[in-house]
Amino acid sequence: MLSDALRYPLNDDKWLRTILIGGLLSVLTVFVVPIFFLQGYFVRVLRGVANGDSQPPVFNDWGDLFIDGVKLLVVNILLSLVFVAAMLVIGALFGAGSLLSGAGPGADPGPGGLIAVLGVVGFLLFLVIALAIGYVAPAMLANFAREDSLAAAFDVSTIVAGVTTGEYLTAWVLAIAVAVVLGTVASLLSAVVIGIFGLFYVQVVTFYLFARGFADGLDEPGSYGGANRARL
């Protein structure tokens with residue numbers, strides 16, 4: 001799976017053009033609008049890989065790219081709202097606990113101490129929830145792209161079926177490793193420009209892995225599953 005992922009961005013005669021455009025769009029994201037074209041390309045990667053396409057997409061049909069990018073942004077905003085809500089709840093518990101547990105040393109902790117404990121427990125719970133969302137979110141994006149439907153991102157039964165598999169877990173771990181290791185290298189090389197294009201390459205590889213793991217987990221016709229299931 002990892003070797004397939006690393007080769008994937010180069011599996012097309014126009015790979016150099018694609019990486020150059022992707023890198024340039026990454027630089028131009030300071031102007032906001034290019035973000036949507038870039039995100040739209042990643043949607044195409046997710047869609048193609050989830051449906052078993054071994055060749056990377058190209059930058060064309062820019063209007064469709066833009067629309068897909070907007071849709072992906074909507075999905076990410078909805079996911080972000082979950083984080084924000086959790087942070088507000090945990091922050092409120094911490095704040096209340098800190099205020100109400102302000103008794104002196106040796107004093108009975110009383111209800112303030114209890115709230116402080118609840119705040120700590122809540123914070124730990126938030127970390128667990130954050131990790132769970134970080135694990136499930138790529139599958140939600142992959143299913144959205146695969147079905148070309150915002151509702152598909154929240155299709156609980158399909159998402160659960162995909163993420164509770166060894167294939168998805170393996171792909172997720174590999175994607176995180178690639179993002180950390182190669183992403184760090186590309187970031188360091190950004191000082192000499194080439195790293196900008198390297199970061200785009202790394203993003204494509206990670207999106208490939210997320211979609212590949214999800215597709216293999218579902219093992220549906222047309223995916224990479226079954227007899228063609230990946231080897232590490």
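Taking interchain pairs and intrachain pairs at least six residues apart, which have beta carbon atoms under 7 angstrom, with the first residue in segment 47-62 and basic (Lys, Arg) and the second surrounded by 15 or more Cβ atoms within 10 Å (Cβ to Cβ)?
From residues that are basic (Lys, Arg), the pairs are Arg47/Ala145; Arg47/Arg146.
Can you give me the ranges of the helices (runs of 4 or more DSSP H) entirely in segment 107-190 with at least 1 residues that are farther than 20 Å from Leu88 by Cβ and either of a type in the set (Asp, Glu) or at pLDDT below 85 (or both)?
Those helices (runs of 4 or more DSSP H) span 110-147, 166-189.
Any idea which residue in segment 29-88 is modelled with the lowest pLDDT, counting only those that are assigned to a loop (DSSP other than H, G, I, E, B) and among the aliphatic types (A, V, I, L, M)?
Applying the filter and picking the extreme gives Val32.
In segment 3-17, what residues are within 21 Å of the chain's Cα centre (by Cα) and either over 16 Å from Gln203 (Cβ atoms) or open to solvent by less than 50 Å² (accessible area, probe 1.4 Å) (or both)?
Ser3, Asp4, Ala5, Tyr8, Pro9
Taking Val173 and the conditions (1) over 16 Å from the mean Cα position of the chain (by Cα); (2) open to solvent by 50 Å² or more (accessible area, probe 1.4 Å), which numbered condition does it fall short on, given that it satisfies the others?
So Val173 meets the others, but not (1).
The values are calculated or read from the model by the stated rules, or taken from the named source; none is laboratory data. Quantities reported herein were computed from a predicted structural model and do not represent experimental measurements. Positions of Cβ are generated from backbone atoms using ideal geometry, with glycine treated the same way; all protein chains shown enter the neighbour counts. Keep in mind that these areas ignore ligands, DNA and RNA; they rest on the heavy atoms of the full protein, side chains included. Shrake-Rupley method; radii C 1.70, N 1.55, O 1.52, S 1.80 Å.
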